[in-house]
Structure formats: structure tokens, C-alpha cells
Amino acid sequence: MSKKKSPIWHPFTQHALQDEMTKIVRGEGAYLYTADGHRIIDAIASWWVVTHGHCHPNIVSAIQKQAEQLNQIIFAGHTHEPAEEVAALLLKLVPRGLDYVFFSDSGSTSVEVALKMALGYWHNMAKPRTRIVVMQHSYHGDTVGTMSVGARGVFNAAYEPLLFDVTSVPFPTGGHEQAALDALEIACRTENPAAFIVEPLILGAGGMLMYPAWVLKEMKRICEASDVLFIADEVMTGWGRTGTLFACEQADVSPDIACYSKGLTGGSLPLAVTLCRADIFDAHYSKDRTRTFFHSSSYTANPVASAAAKANLDLWQNQESSERVASVVAMQEQGIGPFRADARFKNVRRTGTITALDLKVRDGGYLAGIGPKLQAFFNSRNLLLRPLGNTIYVMPPYCVTAADLEEIYAAISDAADTLA
Ligand SMILES: *Cc1c(COP(=O)(O)O)cnc(C)c1O
């Protein structure tokens, strides 16, 4: 028996190395407050979900109101106002060409739904296509289907024999973009794939790897030419993260299927949506019941989560949110700028409101020995940062201040002095 104190098994946590969890009792704006009275700056938006800040008053009050009125209803055969409003508002904000909205409850589920929509489309069109093309280093979730379309590695080695086979094209590293595009073109032409799934502009869990909008645009063109469905996984990149509301906007790309979650409720409650083109819905639309889209989660379009999403979408209708994003983009550039000429770091980068840099160490990678040391250092400075191995990234809520960011970057610099 282990000597664990709490019966809780935490996510992505090796309890034998870390059993003490920081107890948080309150969140407000960019700050978290611990049980023992410390104030922590949330520099990673609580795992990339919090956009306007913790406990935004508009979202909190929408949740309160909805919870008193209708807090759950089976979504087959029923509908409700918050979901109808969310769907209508989404269609106004997302890239054109997306016409239908399927609700679920997490990013992973929204990706599973996207894959099933793509396979169902080809199945119902009587053109069976089942192969999925993916990008090297991708992350799309932790369920078996989403692990299958994600990078193979330490995260999923135990399950590898059960993951389905996919075709992987190289990440478009700076200077080698054409090789990645050529590989996609060949895969599309020779393997008759059902779909290509990609994280637009930034691969998150893969290490905050960034690539330019023109490459995304080219990838969409290549898929279109071979009639391969283009799935944009904007679970992390959506909601202003890349500087625009959605990353695809920057490449003027209209995906055939798009997944949104994380910031969909402003980071307050779990909810996800998968949007698709009309003809994907139409391929399932029939008096023949075998062509039904057979997918559901118990909490599909939960009314309280939908009300939170509605409040979030209202905030995005407001000019102020885009102005906040623009100011975070500017502050982030100011913060990361000096590191570009700093010999202790490499691959210093920024896309929109996200910055990342790699601390120069002998052994890199996610399990690099430096990871836990960096983590402990930032904890001691009352900063919530969670490096991916030797990659440190900053992804704050948009209410972060210049002073907060100064504190964060000062700690990153000090960490390099103390640990590297
Ligand atoms: C976080 C993430 C997911 C999975 O979302 P969950 O809500 O954690 O299931 C999928 N795709 C991308 C790009 C993500 O960053």
C-alpha cells in the first residue's frame, strides 16, 4: 500500500513524487487564493480554460439564474433556450461554412464527435473512407480515439496496441514547411483518407509548437483538392488565444468540422461543441433511422453550462473583449521580447496571447529532470506555471495586468539563473 494521504487520484500526477496538492479556496480575475492565505497568479489560465478571469460576474450570475430554473434535461427530443442561443450566437462568430452545432461536454468528446461525424459522412455517402491523417506532435485528448489521432509517446505507451493506425505528416518546422505540405499532399492523394485533423497555428500539449497561418491555409487547400475533410481542433486555440477569436480566421480557413471547448464557458463549466458543414449533417439526414448520428453524452448541452457559454458569447459580442486580447498580445510581446536575445533560452516564440521558450538543458523532453524543479521554483514564487518539460509557456487570462506579467517573466529569468 502506498502512503497516500488523500483517496483522490489526480490527473497527470505521479503521486509517489508529488502528494501535496495546493488547496485553492477562491478565484478572482487572474488570481487564485490558497487555504493558507497565499495569492497565486494564474499564468496558465487553469489549464488553458479561463479567458475573462476567474468568477467573472456576468458568467457567475448567468449560472446562478439558470441553476434555479432548469439545471438538466435530456437533450434527445428536447431543447432549451440557453442551448438555442449558444448555437445561434456561435454561428454568427465562427468561420463561415459551419452550419450545425453538436453539443458535448469536453474537448476530447468534441474531437471524438468530429471523428465520428467524418466517418459517418463517408459511410452514409457509400464511399467508405476510414483513414485519418494527423500532424506530428499533435494532442487531441486522452480518450482512446483521441489518443489514436495524437502523438505516440510516454503518455500513451501502455495503450498503444489498442490505438488505431493513422498517417502522420511532419510538423511544419520553420524552414521545412514545404516538406510537411508535400507529405500531406501525398497522403491525401494516395491513402484515400476520411479526414485530416489539426490544431490550427499552435500545438498545445505537444510543446506549444507554433507555425504560420500560410501553412494552415495551404493545408486546407490540399485537403480540399482531394476532397479530404478538414477538422480544426480549436479546443485550446479558440476564444482569443491566438489573437483572433479563432485561429482559423488568420488563415482565412473555413474548416469542414471544428471543435471548441475549454474557453467556451469562459472556463467556468465543462461544455464543448463540434460544428460541421451542412452536407455532413445532410449525409445523416434521412427517414432511414440507420443513418442517425448515434452519439450522446448524459450531460449534452447541460442548461447551466449552456447559460455560462451564452454569457461568455455575450462578452465576445462586446468590443471590450477583443480590446483586452489586443492589449494582452502587446504586453506578452513586451514580456517575451528580451528573452529573444537571451543565451539561456532557445525557440523563444509567441502567437497571439501565448508565449513559450525552451530552457537550454542537456536532456530535454516532457520527462526532463528540470521539469519538476522548475515547477517547484514557480510554486515557491506563488505562480501557477506548469512547464512542459523544459518548455515554459505563459497563457494568462485576459484580465492579467502588466505588473503580473512582469512578475511572471522575472521569475522565469530567475529560474534559469537558479536551475540551469
Ligand atoms: C485540452 C485539449 C483537448 C482535450 O480537451 P479536454 O477538455 O481536456 O478533454 C483536445 N484538443 C486540444 C487541442 C486540447 O488542447
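What follows is calculated from the coordinates using simple rules that are stated; it is not laboratory data. Everything numeric here is computed off the predicted structure, so don't read it as measured data. Backbone-built Cβ (ideal geometry, glycine too); neighbour counts: all protein chains shown.
Please grab the % of Cα pairs in the chain that end up more than 31 Å from each other.
40
Limiting things to C-alpha atoms, what are the Rg and the maximum Cα-Cα separation (Dmax) for region 84-167, in angstroms?
Here Rg and the maximum Cα pair distance are 15.0, 43 Å.
Quick one: in region 319-389, what % of C-alpha pairs are over 15 Å apart?
Everything past 15 Å amounts to 63 percent.
Using only the alpha carbon atoms of region 92-244, find the Kirkwood hydrodynamic radius as the inverse mean reciprocal pair distance, in angstroms to one decimal.
Result for region 92-244 stands at 15.9 Å.
Tell me the label-point distance for the pair residue 341, residue 225, using the 7 Å Cα-to-Cβ offset, in nm and rounded to one decimal.
Between residue 341 and residue 225, the simple spin-label model gives 4.2 nm.
For the peptides 392-404, 69-81, what is the packing order when you average, over each peptide's residues, the other Cβ atoms within 10 Å and list the highest mean first?
So the peptides 392-404, 69-81, ranked by packing, come out 392-404, 69-81.
Looking at this model, which pairs from 127/287; 220/310; 346/373; 65/262; 3/373 are more than 27 angstrom apart at the alpha-carbon?
Those over the limit are 220/310.
Normalised by the empirical 2.2 N^0.38 Å for globular proteins, what value does the Cα Rg of region 251-328 take?
The value comes to 1.40.
Give the cross-link partners of residue 360 among the aspartates and glutamates, using a straight C-alpha distance below 18 Å as the criterion and excluding same-chain residues fewer than 8 apart.
Answer for residue 360, where 18 Å is the Cα cut-off: 342, 414, 417, listed by chain and number.
Where the centroid of each part is defined by its Cα atoms, how far is region 310-366 from region 53-79 in Å?
For region 310-366 versus region 53-79, the Cα centre distance is 31 Å.
Treating only the Cβ atoms of Lys and Arg (+1) and Asp and Glu (-1) as charged, compute the dipole magnitude of region 59-139 about its Cα centre; round to the nearest 20 debye.
Dipole size: approximately 540 debye.
Using unit Cβ charges (K, R positive; D, E negative) and no other charged atoms, how large, in debye to the nearest 20, is the dipole of the chain about its Cα centre?
660
Quick one: 3J(HN,Hα) in Hz for region 321-326, Karplus 6.51/-1.76/1.60 with θ = phi - 60°, rounded, Gly and Pro as x.
5, 5, 5, 4, 4, 4
Please work out the Kirkwood hydrodynamic radius for region 13-124, using every pair of different C-alpha atoms, and report it in angstroms with one decimal place.
Computed over Cα pairs of region 13-124, the Kirkwood hydrodynamic radius comes out at 18.0 Å.
For a bin width of 5 Å, list the pair-distance distribution of region 272-420 built from all Cα-Cα distances, rounded to whole %.
Bin by bin from 0 Å, the calculated values are 2, 8, 14, 14, 13, 10, 10, 10, 8, 6, 4, 2, 1, 0.
If the elastic network links every pair of Cα atoms under 10 Å, which of 279, 19, 36 fluctuates the most in the Gaussian network model of the chain?
Evaluated over the chain, the most mobile residue of the options is 19.
Have a look at 273, 348, 113 and tell me which one the Gaussian network model of the chain (Cα, springs below 10 Å) gives the largest fluctuation.
For the chain, modelled as a Gaussian network with Cα springs under 10 Å, the answer is 348.
Using unit Cβ charges (K, R positive; D, E negative) and no other charged atoms, how large, in debye to the nearest 20, is the dipole of region 131-262 about its Cα centre?
200
Choose one answer from 186, 197, 354: the residue with the largest mean-square fluctuation in a GNM of the chain with alpha-carbon springs under 10 Å.
So, out of 186, 197, 354, the one fluctuating most is 186.
Where does the chain land at 222 nm, in deg cm²/dmol rounded to the nearest 500, when only DSSP H runs of n ≥ 4 count, each adding -39500 (n - 2.57), divided by all residues?
One gets -11000 deg cm²/dmol as the mean residue ellipticity at 222 nm.
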